[in-house]
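All remarks here apply to the structure that follows.
The values are calculated or read from the model by the stated rules, or taken from the named source; none is laboratory data. What you see is a predicted model, and the numbers here were worked out from it, not measured in a lab. Cβ sites come from the backbone with ideal geometry, for glycine too, and all protein chains shown count toward neighbours.
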């Protein structure tokens, strides 16, 4: 398994991975966790993703890491996106890493690629001085078992009601 730090030339691939991730999440029964909302048009979602990704891509406090199981010259099959956040306002200064997205193409799942991507992101976070890592996962997402096996646990419970 080889990893590459994404660059501007990888923008379309990152958008495709993140769009696929969002589509999968909203197509599952977990759509209720998004307030019962469905995704906007593909064009609108991809435009929003493009703007968001361009804000972080190449920034030192962001990581866009692509997985290449066939070597660096092979097409990527997965992505992890993470960033460093400083918590200083009312807390003693510390840095935490937030994992924004993790995605592996369906046909490459259950091969350890997601685990390898997260482990690489955690190593990067440690290098950045982070003392903890966080991510958000929908309750019924099967990837939750992976996150728990890596040491993630429930920290906060978000509650929601329909109005």
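All but one of (1) free of Cβ contacts under 8 Å to residues at least 12 places away in the same chain; (2) not in a helix (DSSP H, G or I) hold for residue 44; which doesn't?
Here residue 44 clears every test but (2).
Given 45, 80, which one is touching a helix residue (DSSP H, G or I) at 6+ places or on another chain (Cβ under 7 Å) and modelled with pLDDT of 95 or more?
Step by step, each of 45, 80 is checked, and only 80 is touching a helix residue (DSSP H, G or I) at 6+ places or on another chain (Cβ under 7 Å) and modelled with pLDDT of 95 or more.
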